[in-house]
Amino acid sequence: MIANTLNRFFLASMLCGFAAPVLASPSPSEVFEQYVKAANSGDMTRIASLIADDVERSDFVGCTADMDNPTCLLHYIKTTVVDPKSQIQVTRLELSGDVVDASLELRGELTKRAGVERILGRDVVRVEGGLIKAFHFIPDFTDESTAVFFGSLGIGPRASKPATQN
């Protein structure tokens, strides 16, 4: 009799929503921390699992028209962080709703090839439902090393400008 009553109670509890809650999605800062860990270890599979199918389009110049948005963002991360074995060090992280604004240093083969030790910038990442929905890197052009690095790529205030003809 008691077992039957307990079974009915548990069944009623589950139907009424009193059962153990479903695991909540990770917070935006947790998702970002997972991204940094995966990027620093070169785990592209893990990075791909953090990106929403409807992520905003990256403005990375290396993306081609035939790449969908997740593929474009993965290509950007692979090209700029994973393949050159760059390391991201977060120096400040702020959370505003579903947006992570993280100041960071990036060190690796790309920076060394440009003759600088590291670059500074910010990742501004919007996370919804435990997935990255938007990802933007903003270089800190006020930092000399960063300006030199991006200038060597033809980007920013130190970019080489083509000679003008008079």
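Can you confirm whether the range 142-161 contains a residue that is within 23 Å of P26 (Cα to Cα), out of contact with any Gly (no Cβ under 8 Å at 6 or more places or on another chain) and surrounded by 16 or more Cβ atoms within 10 Å (Cβ to Cβ)? Within the range 142-161, none of the residues are within 23 Å of P26 (Cα to Cα), out of contact with any Gly (no Cβ under 8 Å at 6 or more places or on another chain) and surrounded by 16 or more Cβ atoms within 10 Å (Cβ to Cβ). Screening V61 with (1) closer than 30 Å to E109 by Cβ; (2) at pLDDT 90 or above gives one miss only, at (2).
For the residues G115, G121, G108, the requirement of being crowded, with 18+ Cβ neighbours inside 10 Å, of a type in the set (G, A, S) and more than 16 Å from the chain's Cα centre (by Cα) singles out G108.
Can you report the number of residues in the range 52-76 which are within 14 Å of F135 (Cβ to Cβ) and touching a Phe, Trp or Tyr at 6+ places or on another chain (Cβ under 8 Å)? Adding up the residues that qualify gives 9. Of all the numbered requirements in (1) surrounded by 15 or more Cβ atoms within 10 Å (Cβ to Cβ); (2) under 24 Å from D143 (Cα atoms), E94 misses one, and that requirement is (1).
For the range 124-154, the set of residues classified as hydrophobic (A, V, I, L, M, F, W, C) and either at pLDDT 95 or above or under 21 Å from the mean Cα position of the chain (by Cα) (or both) consists of V124, V125, V127, L131, I132, A134, F135, F137, I138, F141, F149, F150, listed by residue number. Taken as a whole, the structure places V148 among residues that are more than 18 Å from K85 (Cα to Cα) and among the β-branched types (V, I, T). On inspection, T91 fails the criterion of being within 23 Å of P157 (Cα to Cα) and either of a type in the set (S, T, N, Q) or within 12 Å of the chain's Cα centre (by Cα) (or both).
The values are calculated or read from the model by the stated rules, or taken from the named source; none is laboratory data. Source: prediction; values computed, not measured. Using ideal geometry, Cβ is built from the backbone for each residue, glycine included, and neighbour counts are taken over all protein chains shown.
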